[in-house]
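Only one structure is covered here, and it is reproduced in the block below.
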Amino acid sequence: MTADEWNALYPVGTRVLAYPNIRPDHPIAVAVRRAKAEGRFVEPRDADLARGLDTVTRTRAWTLGHGRPVVAVDGYAGGLCLTHVYPGGLCPTCRRNFEGCTCTGGVR
């Protein structure tokens with residue numbers, strides 16, 4: 001999705017679920033969840049790599065010089081790639097509201 005397409009659909013203040021680091025479907029996040037589920041040790045710094053941020057947008061989306069569309073959200077400095085921002089506060093894995101998410105994709 002381009003910045004212009006995003007801006008046409010989502011005004012500033014739209015509730016989103018944002019992933020500042022990696023998304024829950026990233027292979028590293030999957031491996032960490034698997035290791036935790038199996039009772040193996042996980043480095044504390046790795047445990048929250050796919051932490052979701054339940055927030056709202058604070059700017060319109062814009063395109064960076066290298067072509068990536070980003071948007072700024074409350075609680076995070078700078079822009080996040082639109083591939084890491086999910087409108088409506090929906091979990092990208094189960095598509096439930098953030099509060100109702102019980103799958104591993106809604107990790108806070």
Q. Along the principal axes of its C-alpha atoms, what lengths does the range 1-42 span, in descending order and rounded to whole Å?
A. 45, 18, 12
**Q.** Peptide ranges 73-84, 28-39 listed from the most packed, as the mean C-beta count within 10 angstrom indicates
**A.** 73-84, 28-39
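Where a number appears in this text, it was derived from the coordinates with a stated rule and is not lab data. Being a predicted model, the structure only gives us computed values, none of them experimental. Cβ: placed from backbone, ideal geometry, glycine included. Neighbour counts: every protein chain shown.
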